[in-house]
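Note sheet for the following structure.
The values are calculated or read from the model by the stated rules, or taken from the named source; none is laboratory data. Keep in mind that this is a model prediction, so the values were computed, not measured. Ideal geometry is used to build each Cβ from the backbone, glycine not excepted, and the neighbour counts take in all protein chains shown. To get the accessible areas, we keep the full protein, side chains included, count just its heavy atoms, and leave off ligands, DNA and RNA. Shrake-Rupley method; radii C 1.70, N 1.55, O 1.52, S 1.80 Å.
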Amino acid sequence: MATLYLASGSPRRRELLTQIGVPFLTHSAPIDEGSLPGESPVAYVERLACAKAQAGLDALAAIQGAVVLGADTAVVLDGRILGKPADGDEALATLTALSGRCHEVLTAVALVSRERMASRVVSSQVTFRPLSRAEIEAYWASGEPQDKAGCYGIQGLAAVFVSQLQGSYSAVVGLPLCETAALLKEFAIPCWQLRPVHSQEVTGRG
């Protein structure tokens, strides 16, 4: 059986892969995450997921039978990608814009081996209830939104902001498990493996 490598330092993606019983190692390589002129959000997340997976595979050139999983998530409002906040003022502006509205979360997952690459993009719709300035400021003070795309983590404290979700919860967290399982099957990597599941850091950063 091929060895799966996760090209991500995200603890949430590690937890989600572990949840479906897939053993893996982690190995990520840096890529340029800037967008291209005229690039749509869908094209952007898919390109980055593929680039992360390919960069991981290239860094594992000496390892036979490696399969690398890359993923990327973007929060999109009115066609604009909302990135990680630079500071509290930016977080306040972003969460105020999301308050009382529905936004899109796009997550792409890609698998690559020496022989092939395959990818999927999942779109989910998340609706926030109205948020007060006081609770936005309190949320920022918690530290949770500082490294999150769109300034929130649905699996954490911001769960109380979400009044409705249409689509894949796991995709909003960072990895669409249904689509990921289907891709893993294409690469002959089964879910629900009975042996103990452990993730192990090999090398690389975040």
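Exactly one residue out of GLU104, GLU115 is acidic (Asp, Glu) and within 17 Å of the chain's Cα centre (by Cα), and it is GLU104.
Restricting GLU201, GLU137, GLU144 to those that are at negative phi, modelled with pLDDT under 95 and either open to solvent by 20 Å² or more (accessible area, probe 1.4 Å) or out of contact with any Pro (no Cβ under 6 Å at 6 or more places or on another chain) (or both) reduces the list to GLU201.
Grab the strands (runs of 3 or more DSSP E) fully contained in segment 1-77, keeping just those with 1 or more residues being among the aromatic types (Phe, Trp, Tyr).
3-6, 24-27
So that you can scan it fast, the table gives a plain yes or no per residue for (1) over 21 Å from GLY34 (Cα atoms); (2) buried (at least 18 other Cβ atoms within 10 Å of the Cβ); (3) among the acidic types (Asp, Glu):
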{"residue": "ASP72", "(1), (2), (3)": "no, yes, yes"}
{"residue": "VAL75", "(1), (2), (3)": "no, yes, no"}
{"residue": "GLY79", "(1), (2), (3)": "no, no, no"}
{"residue": "ALA86", "(1), (2), (3)": "no, no, no"}
{"residue": "THR94", "(1), (2), (3)": "no, yes, no"}
{"residue": "ALA97", "(1), (2), (3)": "yes, no, no"}
{"residue": "VAL112", "(1), (2), (3)": "yes, yes, no"}
{"residue": "ALA118", "(1), (2), (3)": "yes, no, no"}
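For first residues located in segment 127-151 and without any contact (Cβ under 8 Å) to a residue 12 or more places away in the chain, partners that are open to solvent by 60 Å² or more (accessible area, probe 1.4 Å) and in a helix (DSSP H, G or I) and lie 6+ apart or on another chain with Cβ distances below 9 Å form the pairs GLU135/VAL160.
Is it true that some residue in segment 121-131 is more than 17 Å from VAL173 (Cβ to Cβ), polar (S, T, N, Q) and open to solvent by 20 Å² or more (accessible area, probe 1.4 Å)?
Within segment 121-131, not a single residue is more than 17 Å from VAL173 (Cβ to Cβ), polar (S, T, N, Q) and open to solvent by 20 Å² or more (accessible area, probe 1.4 Å).
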